[in-house]
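A quick write-up on the structure given underneath.
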């Protein structure tokens with residue numbers, strides 16, 4: 001079981017889905033956006049971004065968390081938004097079903113959508129993430145129902 005999972009405060013009117021998780025000693029952020037405080041600047045090993053909406057993909061937040069070795073995991077719909085700010089060799093674009101192994105853990109991309117609002121439709125290719133390690137499994141849904 002993961003012991004260090006922290007929801008991060010935000011100043012966005014819709015709230016936030018931003019999380020900080022420690023897995024096998026690696027620090028992973030999910031959808032860091034409009035953060036009002038930063039646990040430690042530049043401490044991110046991995047930043048996962050589920051989709052391009054500003055409450056999930058906020059350059060001002062992720063640039064404060066990243067360092068020269070931070071790896072980004074996202075999907076093809078978001079990749080072009082991130083490579084404006086980050087060297088593209090550090091960005092891993094996964095479609096649903098894709099997997100990236102990172103030493104002692106892996107991250108799988110899963111489809112993340114909800115059709116009712118019309119802004120998170122399946123055809124957009126947004127992703128949630130499943131982290132697997134000897135410590136356990138964590139599912140981060142993004143904006144899915």
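The values are calculated or read from the model by the stated rules, or taken from the named source; none is laboratory data. Because the structure is a prediction, the values reported are computed rather than measured. Because the Cβ atoms are built from the backbone with ideal geometry, glycine has one as well, and the counts that use them run over all protein chains shown.
Can you name every residue in segment 80-106 that is in a helix (DSSP H, G or I) and touching a strand residue (DSSP E or B) at 6+ places or on another chain (Cβ under 7 Å)?
Selection gives 82, 90.
When you go through 77, 44, 109 one by one, which is the residue that is assigned to a loop (DSSP other than H, G, I, E, B) and either modelled with pLDDT under 80 or surrounded by 15 or more Cβ atoms within 10 Å (Cβ to Cβ) (or both)?
Only one candidate passes the filter, namely 44.
All but one of (1) farther than 15 Å from residue 128 by Cβ; (2) modelled with pLDDT of 80 or more hold for residue 37, so report the exception by its number.
Against the list (1) farther than 15 Å from residue 128 by Cβ; (2) modelled with pLDDT of 80 or more, residue 37 comes up short only on (2).
Can you tell me which of (1) buried (at least 17 other Cβ atoms within 10 Å of the Cβ); (2) modelled with pLDDT of 80 or more; (3) over 22 Å from residue 63 (Cα atoms) is the one residue 91 doesn't meet?
Of everything listed in (1) buried (at least 17 other Cβ atoms within 10 Å of the Cβ); (2) modelled with pLDDT of 80 or more; (3) over 22 Å from residue 63 (Cα atoms), residue 91 misses just condition (3).
Against the definition (at pLDDT 80 or above, farther than 19 Å from residue 131 by Cα and not in a loop (DSSP other than H, G, I, E, B)), how does residue 64 come out, yes or no? Don't jump to the end; show me each part of the working.
Details: at pLDDT 80 or above: yes; farther than 19 Å from residue 131 by Cα: yes; not in a loop (DSSP other than H, G, I, E, B): yes.
Here the answer is yes, as residue 64 does meet what is asked.
Quickly run through segment 115-145 and pick out the residues that are crowded, with 16+ Cβ neighbours inside 10 Å, modelled with pLDDT of 60 or more and in contact with a helix residue (DSSP H, G or I) (Cβ under 9 Å, 6 or more places away or on another chain).
126, 127
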